[in-house]
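Worksheet: the structure to be examined is printed underneath.
None of the figures in this text is laboratory data; all of them are computed from the coordinates on show. What you see is a predicted model; the values in this text were computed from it and never measured. Here the Cβ is made from the backbone with ideal geometry for all residues, glycine too, and neighbour counts use every protein chain on show.
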Amino acid sequence: MAKTKRRLRPAKHLKAVPAVETWSRPWWRGAVFYQIYIRSFADSNDDGIGDLQGIISRLEYLKRLGVDAIWITPFYPSPQKDHGYDVADYYDVNPEYGTLKDFDEVVSRAHALRLKVLVDLVPNHTSDQHPWFQAALKSPDDPHRSLYYFADGKPDGSPPNNWESAFGVPAWTKDDRSGQWYMHLFAPEQPDLNWWNPKVPKEFEKILKFWLDHGADGYRIDVASALFKRKDLADRPTVKDPVTGQPKLDATFKMIDQPEVHEVYRAWRRILNQYQPPRVLVGEIFEPRRQARYILPDQLDMAFAMVRARWNAALWKRSIEVDQRASPGPVAAPSWTQSNHDVVRHVTRLGGGFMGRARARAALLLLLGLPGQAFLYQGEELGLEEVDVPPDQRQDPFFILSGGKEAGRDGCRVPMPWSRGLPNAGFSTVAPWLPTPPGWDRYAVDAQDGSAGSMLTFYRRVLALRRQLVGILPNQVRWCPAPQGVLVYEHGRLTVAVNFLGRPVELVSRGRLLIATHPLASHRKGRLILPANSGAWLDNLAP
Ligand code: GLC
Ligand code: CA
């Protein structure tokens with residue numbers, strides 16, 4: 001590592017810098033968000049389903065964990081065909097989860113703890129039970145029809161075009177009464193809204209204000225780039241695969257992500273600007289190349305930089321750099337994440353078991369040392385792994401619609417384990433909506449709470465350190481020379497080193513060790529020893 005002559009303050013002088021809300025540094029820059037999958041987080045009334053009062057009962061836990069904000073997945077009235085992402089009423093709370101009053105209480109109790117609250121907004125589609133869609137089904141002349149995509153099939157009786165839904169089935173379902181088809185990029189019970197009809201954007205501006213007026217600090221926007229579909233609804237062309245020579249669907253064909261979507265977010269931004277303190281918009285957009293068109297001062301604040309690379313130093317570095325390039329500008333920086341309710345839990349992706357958890361700790365240091373925000377997914381602080389939910393208990397439409405060919409996403413949605421030795425790991429006294437596997441309580445919060453070596457304690461320590469650093473570090477990082485299989489960067493006075501290899505490495509490194517993922521990591525006389533699959537943070541200005 002390069003030497004610098006400045007050797008300034010020792011680490012013990014690191015001062016906590018409060019997240020001040022200034023124009024140049026709004027509260028969310030550098031913040032750590034915690035995603036709550038409400039159905040599986042905490043159940044206050046023992047009916048096997050998480051709820052808003054459950055969230056309230058665990059706010060102290062989240063405060064102590066050290067996060068700045070929570071994002072709650074959809075809690076609106078919904079037939080739960082896609083677990084809340086099929087909204088039947090955007091202005092209320094599903095009785096399973098509580099009432100509007102409970103939501104207000106979540107906000108006020110969270111705010112009292114200085115935690116911000118993000119609501120999940122689902123603008124691409126409604127539930128088929130939404131009054132608009134129900135009215136649309138009544139007759140082909142009903143004016144609600146034009147709020148969705150209804151179209152005639154092809155002369156041969158097939159759907160209007162060859163688009164597929166994200167769940168693997170055709171994106172069209174026949175409305176038998178009229179003989180027309182309606183479009184759904186997800187499940188058939190999630191008809192897509194027609195954003196070309198001005199009534200749709202108008203309604204969503206109302207919805208947007210509704211939850212902001214209830215104190216929400218912003219939104220996570222579901223499938224944020226999909227709202228407008230190409231107007232001609234043309235078939236996706238088939239092209240020849242350059243490698244196999246076989247015909248395949250053209251991946252460059254643009255079904256969604258039409259330029260008009262940006263006007264919508266500009267309008268939303270103007271609404272948000274009327275609120276103080278600043279409210280935020282986080283788009284569910286993963287493709288780095290797309291993000292730069294959305295993460296702009298007059299549109300969205302954040303999108304997700306999800307690192308899903310194999311455990312390999314070069315691949316991780318490339319993934320990080322691609323995301324960094326997608327957030328240009330002096331202050332913009334990616335929102336790092338590894339897991340959410342749609343993907344296999346990252347401990348499992350990284351190899352599972354003891355090794356998966358060791359790598360997950362190192363990965364956490366690698367990502368949380370970078371400039372930017374972080375999004376944690378509930379349970380990762382406990383080191384939870386993907387669960388192999390018995391097929392007859394799975395509920396994800398992805399699994400169901402694929403006829404069991406796709407494993408589905410239930411494995412990362414299994415209820416949180418709160419207490420050791422209790423049935424269902426203390427989530428509820430009755431069987432929860434998704435079963436907890438045998439032995440799930442070994443991960444329980446109360447089992448990890450006082451233990452120095454637990455994942456939970458590690459997360460708390462990392463987040464506490466990060467809180468001290470975030471306000472004093474610049475927005476740039478510098479990669480340092482390192483042996484193959486090892487990544488080292490300097491982010492201001494913070495040096496981050498991660499060993500991806502299956503054997504220990506020794507590095508030359510100045511400063512003082514702040515935290516390491518492994519008890520055998522050590523730093524003496526400028527030599528940093530990192531065991532296999534481990535990482536460390538150093539204060540490079542400390543003597
Ligand atoms: C988003 C959600 C996912 C849902 C889909 C349809 O990708 O994260 O859970 O199935 O949108 O709303
Ligand atoms: Ca409940």
For this session: Check the straight Cα-Cα distances from Lys63 and name the lysines below 26 Å, setting aside those fewer than 8 residues away within the same chain.
Result: Lys12, Lys15, Lys101, Lys116
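Mind checking the dipole of the range 390-543: about its Cα centre, +1 per Lys or Arg Cβ, -1 per Asp or Glu Cβ, Debye to the nearest 20?
Dipole about the Cα centre, nearest 20: 720 debye.
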Exercise. So between Asp176 and Leu296, what do we pick up on full extension, going 0.36 nm a residue minus the alpha carbon distance?
Worked result: 38.8 nm
Exercise. So what is the relative contact order of the chain, in percent, for Cα pairs below 8 Å that sit 6 or more residues apart?
Worked result: 14 percent
Exercise. What distance in nm separates the simple spin-label points at Asn475 and Val344, each placed 7 Å from Cα in the Cβ direction?
Worked result: 3.7 nm
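Rounded, prolate or oblate: pick one for the range 376-482, where a ≥ b ≥ c are the square roots of the eigenvalues of its C-alpha gyration tensor, a/c under 1.5 means rounded, and failing that, prolate if a/b is larger than b/c, else oblate.
oblate
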Seminar exercise, completed: Counted neighbours (other Cβ, 10 Å), sorted fewest up, put Arg361, Arg420, Arg493 in the order Arg420, Arg493, Arg361
Problem set entry | Distance between the range 384-410 and the range 145-162 - C-alpha centres, whole angstrom | 30 Å
Seminar exercise, completed: Exposure-ranked with fewest Cβ neighbours within 10 Å first, Lys254, Lys63, Lys81 stand as Lys254, Lys63, Lys81
For this session: Could you sort out which of Lys174/Lys206; Lys81/Lys231; Lys199/Lys229 sit more than 22 Å apart by Cα distance in this structure?
Result: Lys174/Lys206; Lys81/Lys231
For this session: Give a residue-ordered list of calculated ³J(HN,Hα) values for the range 534-543 (Karplus: 6.51 cos²θ - 1.76 cosθ + 1.60, θ = phi - 60°; whole Hz; x for Gly, Pro).
Result: 9, x, 8, 10, 10, 8, 7, 9, 6, x
For this session: Rounding to the nearest 20 debye, state how big the charge dipole of the chain is about its Cα centre with +1 on each Lys and Arg Cβ and -1 on each Asp and Glu Cβ.
Result: 3880 debye
Problem set entry | Positive-end residue of Leu382, Gly485, Val322, charge dipole of the chain with Cβ unit charges | Gly485
Problem set entry | Per-residue ³J(HN,Hα) for the range 86-97, Karplus 6.51 cos²θ - 1.76 cosθ + 1.60, θ = phi - 60°, Hz, x for Gly and Pro | 10, 8, 9, 7, 7, 10, 8, 10, 4, x, 4, 9
For this session: Quick one: work out Rg over Rh on the C-alpha atoms of the chain, Rh as Kirkwood radius.
Result: 0.97
For this session: Fewest Cβ neighbours within 10 Å first, please rank Tyr91, Tyr182 accordingly.
Result: Tyr91, Tyr182
Problem set entry | Rounded Å value of the spacing that divides the Cα centres of the range 506-528 and the range 423-443 | 39 Å
Seminar exercise, completed: Here FRET efficiency (C-beta to C-beta, Ala112 to Lys254, R₀ 56 Å, nearest 0.05) is 0.75
Seminar exercise, completed: Sorted by chain and then number, the residues having a modelled amide H within less than 5 Å of the amide H of Lys116, at least 5 places away or on another chain, are Ala69, Ile70
Problem set entry | Lys, Arg +1 and Asp, Glu -1 on Cβ, resulting dipole of the range 34-89 about Cα centre, debye, nearest 20 | 240 debye
Exercise. Which Cα, out of Ala332, Gly179, Leu113, lies furthest along the positive dipole direction of the chain (beta carbon charges, K/R +1, D/E -1)?
Worked result: Ala332
Exercise. In terms of Cα to Cα distance under 16 Å, which aspartates and glutamates are near enough to Lys154, apart from those fewer than 8 places away along the same chain?
Worked result: Glu164, Asp175, Asp176, Asp232, Asp235
Problem set entry | Mean Cβ count within 10 Å, highest first, over the residues of peptides 524-531, 186-193 | 186-193, 524-531
